[in-house]
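Accompanying notes for the structure given below.
Derivation of every value follows stated rules applied to the coordinates shown; laboratory data play no part. Everything numeric here is computed off the predicted structure, so don't read it as measured data. So basically every Cβ, Gly included, is an ideal-geometry build from the backbone, and we count neighbours across all protein chains shown.
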Amino acid sequence: MKERYDVIVVGAGPGGSMTAKTAAKEGLDVLLIEKRQQIGDPVRCAEGVNKVYLKEYIEPDPAWISAEVKGSKVYSPDGTMVEMSEELSGAEVGYVLERKVFDRALAREAALAGVEVMVKTRATGLLMEDGFVKGIKAEYMGKQYEIMADIVVGADGIESKVGRWAGIDTTLKPRDMCTCAQYLMTNIDIDPDFCKFYLGNKIAPVGYVWIFPKGRNTANVGIGITGHMSGEVRALELLDEFINKHYPDGKKIEMVVGGVPVCGSIARTVSNGLMLVGDAARQSDPVTGGGIFNSMWAGDIAGKVAANAIRRSDVSAESLQEYEKKWRVELGRDLDMGMVVKERFTRMTDDELNTLAHSLEGVDLGSTTLIGLVWALFKANKKLLWDLRSIFIGIKEIESEVKKEVYT
Ligand SMILES: Cc1cc2nc3c(=O)[nH]c(=O)nc-3n(C[C@H](O)[C@H](O)[C@H](O)COP(=O)(O)OP(=O)(O)OC[C@H]3O[C@@H](n4cnc5c(N)ncnc54)[C@H](O)[C@@H]3O)c2cc1C
């Protein structure tokens, strides 16, 4: 470990490793620190990711692909199934990863690009000077260190402290968080070609159950419910109920509990000498909770922006607005649209969800366009169309806000 770097990245999840790799490829001297002794372990993820998106950033490797699926099957409360192609299924459907291996592969790519990677190294605070972040305080093997850098990137996940240390408000209210529980289950009869989602206010109030196949009769079976519901019901109890009903002979071989931010875009993700990436910047999808690809996307932007800022010798918050603007153009807009959709869909009764599913029965969602989907819904239920109209108006408003913010 040296006394100073161009960039220090805190956290070696997908967001951190991607930031570090891109910054190193841009010629910067980068340190990536991870508090755990093993990158990627323990896993707190259902491990689903869209393969088309992912291929933009990493060459697929069978070592970290547990399964490849064709699409998703969504079940409404009365058991009506809607099948969707991979393209319509969103950023979480395509590959089911082995994240212990995947996260390590990303860190390896960063290391090969020239990044110094240090595990068992925890950031404990920021070094500040004249209102600028100038590096980090860190603990490694019981010893305290002060390490300087022009830019610090907080990629320290949902429990992020880096943002707060820099005065950025990353607070999550209970309704802005999805509380998750998951088992890795084996000896279960699964469809190896599809990810499955079960909706319903009894099954998973303000959330859903997922089954992501991992090959050999094994799958991640999990549940996510919005934090404000978890006072009334416990995610793990609901998951056990679901499993007893659907997989009474299944064997649980691993358990995961964790949270995902589902709050839409936050107001600020940069300060003088600092950027936030991934879950630390609350960049996960508010509808699905997916954040693997989003964090990599934002990380790639942050790595490039770090290089630009250092080249122009200006790491002020104003200069780092380049990051704010770039990630908000597409990802930020998607997050805010997701919030509009989430707000409406989480208020749906089981009857409304059933009606929605019935109206899509017989529609070939493998080949339909978004317009085709809306038309099928319209034919089935005018009230739903009215609701969708309010969603589209919300989306239009967001788009014009984004345009104003980005192009002025
Ligand atoms: C149950 C569950 C299921 C999920 N399923 C999916 C899914 O199927 N698909 C999907 O796309 N997303 C899913 N997600 C979300 C996804 O896991 C996250 O969005 C993604 O991991 C975010 O990546 P990240 O790099 O921002 O943060 P993380 O992957 O959380 O990485 C942050 C890293 O920072 C380290 N760190 C924290 N503090 C410090 C510190 N002070 N010093 C040094 N290191 C530190 C942590 O140890 C960690 O390794 C799921 C989440 C949960 C909880």
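Observations, loosely collected:
- Strands (runs of 3 or more DSSP E) fully within the stretch 137-216 counting 3 or more residues that are within 13 Å of the ligand (Cβ to nearest atom) and among the β-branched types (Val, Ile, Thr): 143-154
- The single condition among (1) within 12 Å of the ligand (Cβ to nearest atom); (2) at positive phi; (3) of a type in the set (Gly, Ala, Ser) that SER284 does not meet is (2).
- When LEU236, LEU184, LEU172 are checked against the criterion of being within 18 Å of ALA46 (Cβ to Cβ) and either basic (Lys, Arg) or touching a residue at least 60 places away in the same chain (Cβ under 8 Å) (or both), a single residue qualifies: LEU184.
- Taken residue by residue, the stretch 256-273 has at least one member that is under 30 Å from ILE8 (Cβ atoms), part of a strand (DSSP E or B) and more than 11 Å from the ligand (Cβ to nearest atom).
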